[in-house]
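Novice: My questions will all concern the structure given below.
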Amino acid sequence: ALFRDGLRFIAGGADPMSLSRGVHKAVEAVVEQLAKLSKPVDAKDKKAIETVATIAGNNDKEIGKTLADALMKVGKDGVITVEEGRGVQTEVELVEGMQFERGYLSPHFVTNEDDQTVELDDCRILIHEEKISNARDLVPLLEQVSQDGSPLLIIAEDIEGEALATLVVNKLRGILKVAAVKAPGYGDRRKAMLQDLAILTGGKAIFKDLGEKLENVQLPELGRAKKIR
């Protein structure tokens with residue numbers, strides 16, 4: 001409507017630059033007024049959350065109720081993802097999990113070409129504090145995981161050089177479904193987060209100061225996750 005009316009005014013002789021400045025000023029005024037009228041929604045106020053969710057869901061009350069139910073279950077710090085279902089019913093599934101901001105270390109790890117993401121189901125997880133660059137340290141564990149048939153996610157300070165190349169080759173040849181990401185956090189905070197990850201996934205975090213070596217890691221020491229994305 002703005003574009004159409006703008007063209008009409010310009011056709012009537014209005015100065016385009018003046019019209020543009022006027023539109024920007026009007027937008028600023030509207031945004032400022034909306035900010036004054038807005039109020040935060042209490043994370044415990046299900047009715048208010050349902051109202052907002054219904055509006056966001058194209059005024060579909062069922063979707064609004066479903067989203068409100070999901071948010072009440074996970075809380076304000078939880079994460080809600082929407083996936084395509086296999087049936088006609090809308091369902092909410094609560095999954096205990098954790099999220100941190102780290103991307104995959106090689107585009108060759110991508111499993112979903114459409115949105116360039118990595119998804120691993122029923123996955124083993126290696127949690128390692130140090131940088132991994134020597135492939136020989138990694139090979140014994142890769143052989144165990146390959147025989148087990150599970151996908152593998154490696155979380156470490158970094159994975160580089162021949163170690164990263166070995167993972168990529170195994171992935172491309174279909175020998176092992178694998179991905180690697182950098183560990184979250186820094187310093188003592190990183191160690192604490194890795195320990196949290198180990199507890200959450202039922203695995204063991206490999207710390208150098210405890211005398212643990214990558215080449216000695218056994219399959220039962222790896223964490224497990226139903227889904228990694």
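No lab work stands behind these numbers, since they all come straight from the coordinates. Nothing here was measured: the structure is a model prediction, and the numbers come from that model. Backbone-built Cβ (ideal geometry, glycine too); neighbour counts: all protein chains shown.
Novice: Give the order of GLU212, GLU62 when sorted by the count of other beta carbons within 10 angstrom, beginning with the fewest.
Specialist: Going from least to most buried by this count: GLU62, GLU212.
Novice: Count charges around LEU120 for me, please; just the other residues with Cβ under 14 Å from its Cβ, Lys/Arg as +1, Asp/Glu as -1.
Specialist: +3
Novice: Further, regarding this structure: If you average the sequence gap of Cα pairs under 8 Å that are 6 or more apart and divide by the length of the chain, what percent do you get for the contact order?
Specialist: 19 percent
Novice: Something else about it: Under the rule of -39500 (n - 2.57) per DSSP H run of 4 or more residues, summed and divided by the residues of the chain, what mean residue ellipticity at 222 nm is obtained, to the nearest 500 deg cm²/dmol?
Specialist: After summing the helix terms and dividing by residue count, I get -14000 deg cm²/dmol.
Novice: Using the 10 angstrom Cβ neighbour count as an exposure proxy, how do GLU160, GLU215 rank, fewest first?
Specialist: Fewest-to-most ranking of GLU160, GLU215: GLU215, GLU160.
Novice: Name the residue farthest towards the positive end of the dipole of the chain from the options ILE80, LEU141, ALA205, assuming +1 on Cβ of Lys and Arg, -1 on Cβ of Asp and Glu, about the Cα centre.
Specialist: Projecting each Cα onto the dipole axis, the largest value belongs to ILE80.
Novice: From the phi of every residue in region 146-156, what ³J(HN,Hα) in whole Hz does the Karplus formula 6.51 cos²θ - 1.76 cosθ + 1.60 yield, where θ is phi - 60° and glycine or proline is x?
Specialist: 4, 5, 6, x, 8, x, 9, 10, 10, 10, 8
Novice: How far is the Cα center of region 129-145 from the Cα center of region 2-51, in Å?
Specialist: 56 Å
Novice: Share of antiparallel DSSP beta bridges in the chain, in percent to the nearest 5?
Specialist: Counting only bridges with both partners in the chain, antiparallel ones make up about 35 percent.
Novice: Could you tell me which residue out of ALA183, THR111, ALA1 lies farthest along the dipole of the chain toward its positive end? Charges go on the beta carbon: Lys and Arg +1, Asp and Glu -1, centred on the Cα centre.
Specialist: About the Cα centre, the residue reaching furthest to the positive side is ALA1.
Novice: Within a 10 angstrom radius of the beta carbon, how do ILE63, ILE228, ILE55 rank from fewest other beta carbons to most?
Specialist: ILE55, ILE63, ILE228
Novice: Which entries in LYS73/LYS204; LYS76/LYS191; LYS44/LYS131; LYS46/LYS177; LYS44/LYS204; LYS171/LYS204 show an alpha-carbon gap greater than 32 Å?
Specialist: Flagged as over cut-off: LYS44/LYS131; LYS46/LYS177; LYS44/LYS204.
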